[in-house]
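Remarks on the structure that follows.
Please treat every number below as a calculation from the coordinates, not as lab data. Please read these numbers as outputs of a predicted model, since none were measured by experiment. Using ideal geometry, Cβ is built from the backbone for each residue, glycine included, and neighbour counts are taken over all protein chains shown.
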2 protein chains.
Amino acid sequence: MSLDHAILGFLNVEDLSGYDLKTRCFDDRARHFWTADQAQVYRTLERLHDKRLVTLRTVRQSRKPDRKVYAITDNGRRELADWIVSKPHLPPARDPFLLRLEFSGDLNDETVLDVIARERSAHQDRLDDLRARVSTLGSGSCEATERTCLVHRMTLDGAIARTRATIDWLDDCSETISAHMAQAPPQRTLFESRTPKGDTR
Amino acid sequence: MSLDHAILGFLNVEDLSGYDLKTRCFDDRARHFWTADQAQVYRTLERLHDKRLVTLRTVRQSRKPDRKVYAITDNGRRELADWIVSKPHLPPARDPFLLRLEFSGDLNDETVLDVIARERSAHQDRLDDLRARVSTLGSGSCEATERTCLVHRMTLDGAIARTRATIDWLDDCSETISAHMAQAPPQRTLFESRTPKGDTR
DNA sequence: GAGAGATATATGACAGAACAAGTATATGTG
DNA sequence: CACATATACTTGTTCTGTCATATATCTCTC
């Protein structure tokens, strides 16, 4: 699965320890398209080592705990390249906000507007973060090859494009509901006043 | 988890069996924002029943297997309403395509263009499906309340907006790489170029 | 010198999700 | 008549991801 290949991908650029992968890669560089927690990273590294896709050397440090530094093998590189060009499969859609929205038909307009506004705010925060990261790119933070730098920039642009589209759509939703409010009479709130239909068990 | 609330949401509209939920709800109506497999649906229904959020009645059918029809309880409705207005949390980003793109710095341009084109095609299929579903909405397929119909339309619009943004961005990526190809000398290929043969991972 | 925080790795327990397969009945198709 | 398909529910297994916690050392600050 993808976490294996994510780790192989980072190791293809440079040798890294589990700690490096967690902090520098997943929490920092890749956080707009993949995340992983520490336990997952360490266990996956073990698995990749068993499969001979990475090698391991222990680096003693003078005044810090030992580091276990992993390096990709030729098998690992082959596995990575095969995966990159393998058949694309879109992950199953799973969007908690659309779920909420779908079921908010019974809520009053003010409540729905508030739910939308809070969702918008979360996406705006994400957008600010993405833009801040793009703005640091030109200024020497990308010391890798030009191509590596280019595709990284592309992933940020992709995340930005989708986030912007989401925010614009949320604004449309707010407008639609506001318009609906203006022309419709104040509504009854169905949620509190449902007729109890169920006997207990 | 969200699946619990998805099921409560559907049951808030009408009583349903596990089979109904799987086929009519998750595979059909909700496939643009949530999916679930059969095992998951049945096990979740059991859990909701244990928690007294739904009730169960068995309906004998003359020439078909019995149906276990579930109905939401007042507790279930309360749980659902609380969840809808609860603090939004954006799910951690997890996009296999961005992962591939990030690590494709070593591939030759033609290969990357092909990977992008195949990804675009998958999104285009999704977009076609979404548009087809929107176009059936006006014509009486939405027999529910006006509000229920409105928010459902909004969820489709949201999925469309994001898919369109993704396709536009993929086109930008293709253009950028084509431009890069035109001006740069033929590149060394660190990876062997691999024939893009489907293989699911 | 006490405590917070960063560096570094590891394990146990568990829930959620995916994948596979099994049971049963009825209908339609070639 | 065999086979596929639709209806309807169930079980087993594995994988993935999350959370909490543990160990150990060093640096910085109050």
| request: Could you pull the copy-to-copy label distances for A:LEU137, with points set 7 Å along Cα to Cβ, in nm to one decimal and sorted shortest first? | output: 3.3
| task | Treat the count of other C-beta atoms within 10 Å as a stand-in for reagent exposure and order B:MET154, A:MET1, A:MET181 from fewest to most. | result | A:MET1, A:MET181, B:MET154
| remark: Residues meeting the amide H criterion for A:LEU16 (H placed from the backbone, H to H distance under 5 Å, 5 or more places apart or on another chain) are A:TYR70
| What is the distance, in nm, between label points placed 7 Å from the Cα along the Cα-to-Cβ direction at A:ASP171 and at B:ARG47? | 3.8
| field | the stretch B:2-84: relative contact order in percent, alpha carbon pairs under 8 Å with at least 6 residues between | value | 36
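Under the Kirkwood approximation for Rh and a Cα-based Rg, what ratio Rg/Rh is obtained for the stretch B:96-183? Walk me through the intermediate numbers first.
Working: Rg = 17.7 Å, Rh = 15.1 Å.
Using only Cα positions, Rg/Rh for the stretch B:96-183 is 1.17.
Between A:ASN75 and A:ASP28, what length in nm is gained on full extension when 0.36 nm per residue of separation is reduced by their alpha carbon distance? Intermediate results must be reported in sequence, preceding the final value.
Working: separation 47, 0.36 × 47 = 16.92 nm, distance 2.71 nm.
Extra length available between A:ASN75 and A:ASP28 comes to 14.2 nm.
Find the relative contact order for chain A and round it to a whole percent, using C-alpha pairs within less than 8 Å whose residues are 6+ positions apart. Display every interim value, and only then the final one.
Values: 139 pairs, mean separation 38.4, N = 201.
Relative contact order here is 19 percent.
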| field | Fewest-first sequence of A:LEU90, A:LEU170 by Cβ atoms within 10 Å of each Cβ | value | A:LEU90, A:LEU170
| R0 = 30 Å: FRET efficiency of B:HIS180 with A:ASP37, Cβ-based, nearest 0.05? | 0.25
| Mind listing the Cα extents of the protein assembly as shown along all three principal axes, in Å, largest one first? | 69, 49, 44
| remark: Sorted shortest first, the nm distances from the B:ALA39 label point (7 Å along Cα→Cβ) to its counterparts in the other copies are 2.1
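At a 10 Å Cβ-Cβ cut-off, how would you order A:ASP74, B:ASP74, B:ASP95, fewest neighbours first?
With the fewest neighbours first, A:ASP74, B:ASP74, B:ASP95 line up as A:ASP74, B:ASP74, B:ASP95.
Starting from the stretch B:72-154, pick out the GluC sites (Glu not before Pro) whose DSSP state is loop and whose Cβ has at most 11 other Cβ atoms within 10 Å.
Details: sites: B:GLU79, B:GLU102, B:GLU110, B:GLU119, B:GLU143, B:GLU146; in loops: B:GLU143.
In loop regions of the stretch B:72-154 (DSSP not H, G, I, E or B), the sparsely surrounded GluC sites (Glu not before Pro) are B:GLU143.
Taking the square root of 5 times each eigenvalue of the Cα gyration tensor, what semi-axes in Å does the equivalent ellipsoid of chain B have, largest first? List each step's numbers first, then the result.
Values: eigenvalues 380, 72, 57 Å².
With the √(5λ) rule applied to chain B, the semi-axes are 44, 19, 17 Å.
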